[in-house]
Amino acid sequence: MKLYRTTNGIFVEQQDRFYRVPAADWDELIRSAELHNRVQAAASATPAADFEAGNVLAPIVSQEVWAAGVTYFRSRSARIEESKDAGGGDFYDRVYSAERPELFFKATGRRVVGPISPVRIRSDAKWSVPEPELTLLINPTGEIVGYTIGNDMSSRDIEGENPLYLPQAKVYDRSCALGPCILLSTEPLARSTTIRLEIERSGKTVFAGSTTLAELKREPRQLAEYLFRDNSFPDGAFLMTGTGVVPGDGFSLANADVIRIQIDGIGVLQNFVA
Ligand code: DO4
Ligand code: MG
């Protein structure tokens, strides 16, 4: 079942049909211990005729967005390279193999955009990339209740200059995209699940790459458990699980680039830079 937040209410998609989901509001539904049962019940009513893809919003209101880093070997290597003048080799390598993951605050709902909307590159960054990431939706009790697609927009020159600049490289207006829906499931996704990134400039593909969850070094459940240690999320939280697709060092995003991220079983999140 895929859950959508739209300008016209909340809908669930099941077997290519859409149904309205009764709820006081998005936060109330996401907080609910009965989320799956309520959505399942909605999907056994009469299908709705008023779902429109153009009305889809980011699936977030009061949830915080956090992110895990250096969870794929590709990210470890890219970070070691970008931060070599700052002595980066050691700490990125150490966090890749440490038991404790790197977790950082990424965004509030206000900084997040949904599908088809513009993401931003920082005005003071010279090297910016999208990061396509499987993103967990975790309920207030710490249980993974669904999955969405995330884009962790990153300013690589700023984080590479000094790791203490990470919050500036990662957190700014429209630095995060989520959507288009929540794939509701408490089961882990298959390790063969593929994450694809395509970047288009003036109608031409300028980067394409992919990875699978088999390359993700950490278990999503373990990442969620670390996030919820001594930390409470009364409205639930999103946790991006890190990138395994990093364009080559010569590539930087430019204005009007189209970013397309596809994850098997969830769909496609498309945004453009503006
Ligand atoms: O350590 C810096 C950020 C890492 C990150 O965002 C990722 O690996 O996806
Ligand atoms: Mg990332």
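Points worth noting:
- Relative contact order of the range 74-128, pairs being alpha-carbon contacts under 8 Å that are 6 or more residues apart, as %: 18 percent
- Spacing of the two label points (7 Å from each Cα toward its C-beta) at SER44 and LYS84, in nm: 6.1 nm
- Extension gain for ALA208-SER232 works out to 4.9 nm (0.36 nm per residue, less the C-alpha to C-alpha distance).
- 18 Å reach of a label modelled at GLU187, 7 Å along Cα-to-Cβ, counting backbone N of the range 1-25: 1-3, 13-16
- Full extension of the segment from SER252 to ARG221, taken as 0.36 nm per residue of separation minus the current Cα-Cα distance, would add 7.9 nm.
- For the range 85-151, the set of trypsin sites (Lys or Arg not before Pro) satisfying both a DSSP loop assignment and a count of at most 12 other C-beta atoms within 10 Å is given as LYS126.
- Annotation: the antiparallel percentage among DSSP beta bridges lying fully within the chain is about 90.
- Using a Förster distance of 30 Å, the FRET efficiency for GLU52-ARG111 (Cβ separation, nearest 0.05): 0.75
- Taking the DSSP bridge list for the range 160-274 and keeping only pairs wholly inside it, about 100 percent are antiparallel.
- When PHE233, PHE228 are arranged by Cβ crowding within 10 Å, least crowded first, meaning fewest neighbours, the order is PHE228, PHE233.
- The trypsin sites (Lys or Arg not before Pro) found in the range 169-274 that occupy coil by DSSP, while having at most 14 further C-beta atoms within 10 Å, are ARG191, ARG229.
- Most mobile of LEU239, LEU136, LEU227 in a GNM of the chain (Cα contacts under 10 Å): LEU227
- Structural descriptor for the range 200-274: relative contact order 32 percent, calculated from alpha carbon pairs under 8 angstrom and at least 6 residues apart.
- Relative contact order of the chain, pairs being alpha-carbon contacts under 8 Å that are 6 or more residues apart, as %: 24 percent
- For the chain, the mean residue ellipticity at 222 nm estimated from helices alone is -5000 deg cm²/dmol, where every DSSP H run of n ≥ 4 contributes -39500 (n - 2.57) and the total is divided by all residues, rounded to the nearest 500.
- A crude spin-label estimate for the pair GLU161 and ALA274, with each label 7 Å from Cα along the Cβ direction, gives 2.9 nm.
- Each peptide in 180-190, 144-154 receives the mean, over its residues, of other Cβ atoms within 10 Å, and ordering these scores from highest gives 144-154, 180-190.
- Taking each residue as 0.36 nm, the span from ASP264 to THR7 lengthens on full extension beyond its C-alpha to C-alpha distance by 90.0 nm.
- Loop-located GluC sites (Glu not before Pro) in the range 16-64 (DSSP state not H, G, I, E or B) with no more than 13 neighbouring Cβ atoms inside 10 Å: GLU34, GLU52.
Read-outs: derived from the displayed coordinates by stated rules, not from any lab. These numbers come from a predicted model, not from an experiment. Virtual Cβ from ideal backbone geometry, glycine too; neighbours counted across all protein chains shown.
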